[in-house]
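Contents: one structure, followed by commentary.
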Amino acid sequence: MKKLHLAISTDDIATTVQDYSHRLSAQPCVVVDGEYALWRTETLNVSVRKDLSMQKGTVRHLGWEEPTAAEFTAEVDTNGITWEHFTAGQQADEINELWPRANYQP
């Protein structure tokens, strides 16, 4: 089943994890202290990343997590929003490449 991916910028991972865990009624499946968090619910894939180059609360990108995605792809729509398409494993590979200490396994 396809899951909508929503990536949001923040300036405070710990506070965002607490807030979004309540809002999503789920704990994140991976947290990189001070840098990144990811929730994978039945219908949503939501990530937050500390990104001081963007205003907090800004959508970093959108996308689809889909088990049949052949490869990780990204394209920009007519509004300048990047849309990614990936499997859970491909997302895990990206997370572990950026933050090896995460050792995230979906």
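Bear in mind these aren't lab numbers, they're just calculated from the coordinates by the rules spelled out. Predicted model only: the values in this text are computed from it and were never measured. As a convention, Cβ positions derive from the backbone with ideal geometry for all residues, glycine included, and neighbour counts pool all protein chains shown.
Tabulated results
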{"read-out": "Options Val32, Phe86, Ala14, ranked by Cα towards positive dipole end of the stretch 3-102, top entry (Cβ charges)", "value": "Ala14"}
{"read-out": "Long-range tail of P(r) for the chain (Cα pairs > 19 Å, %)", "value": "42 percent"}
{"read-out": "Neighbour-count order for His22, His85, His5, His61, fewest beta carbons within 10 angstrom listed first", "value": "His22, His61, His85, His5"}
{"read-out": "Shape category assigned to the stretch 66-106 from the gyration tensor of Cα positions, a/c cut at 1.5", "value": "oblate"}
{"read-out": "Label zone at Ala14 (point 7 Å along Cα-to-Cβ), backbone N below 17 Å, the stretch 47-65", "value": "49-51"}
{"read-out": "Length released on extending from Asn96 to Lys2, taking residue separation times 0.36 nm less the Cα-Cα span", "value": "31.6 nm"}
